[in-house]
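K.L.:
My questions will all concern the structure given below.
The values are calculated or read from the model by the stated rules, or taken from the named source; none is laboratory data. Just so you know, these numbers come straight off a predicted model, no measurement behind them. Virtual Cβ from ideal backbone geometry, glycine too; neighbours counted across all protein chains shown.
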Amino acid sequence: MSDLTEHEKNILGVLITNLDGDGYLRLPLEEPRSWPRPTSRRPSVSLRVLQGFDPAGVGARTLSECLLLQLAQLGQGRLARRRAGP
């Protein structure tokens with residue numbers, strides 16, 4: 001996390017505060033009004049950091065994304081994506 005810029009850390013804080021009780025992210029990433037200024041791009045760096053936290057699957061936006069994140073942490077991400085399709 002020390003590699004994040006101050007702005008990316010602020011975005012990470014917004015993401016964390018918008019997790020529901022099950023650890024799903026319920027904040028639309030496309031709504032720029034939701035993000036700390038200045039931002040001209042989607043918060044993908046901060047989201048990847050969040051999704052690397054424990055427990056596996058935290059920060060997912062859907063059940064399928066949650067399962068793929070869990071498999072990726074187990075080292076089976078490529079196999080899961082191949083089976084899930086494009």
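K.L.:
Filter region 62-81 for residues that are at pLDDT below 65, in a helix (DSSP H, G or I) and of a type outside the set (A, V, I, L, M) and give the result.
P.N.:
Across region 62-81, the qualifying residues are Gly77, Arg78, Arg81.
K.L.:
Using beta carbons and a limit of 8 Å, which pairs, at least six apart or on different chains, have the first residue in region 1-25 and assigned to a helix (DSSP H, G or I) and the second one hydroxyl-bearing (Ser, Thr, Tyr) and modelled with pLDDT under 95?
P.N.:
Correct list of pairs: His7/Thr39; Glu8/Ser46; Lys9/Ser46; Ile11/Thr39; Ile11/Ser46; Leu12/Ser46; Val14/Ser34; Leu15/Ser46.
K.L.:
Cβ-Cβ under 7 Å, sequence separation 6+ or interchain: first residue in region 48-67 and without any contact (Cβ under 8 Å) to a residue 40 or more places away in the chain, partner of a type in the set (Ser, Thr, Tyr) and exposed (fewer than 15 other Cβ atoms within 10 Å of the Cβ). Which pairs?
P.N.:
Close Cβ pairs (under 7 Å, with a partner that is of a type in the set (Ser, Thr, Tyr) and exposed (fewer than 15 other Cβ atoms within 10 Å of the Cβ)) do not exist here.
K.L.:
I'm checking my understanding of the structure. Among residues of region 1-60 that are over 14 Å from the mean Cα position of the chain (by Cα) and of a type in the set (Lys, Arg), which one is modelled with the lowest pLDDT?
P.N.:
Within region 1-60, the match that is modelled with the lowest pLDDT is Arg41.
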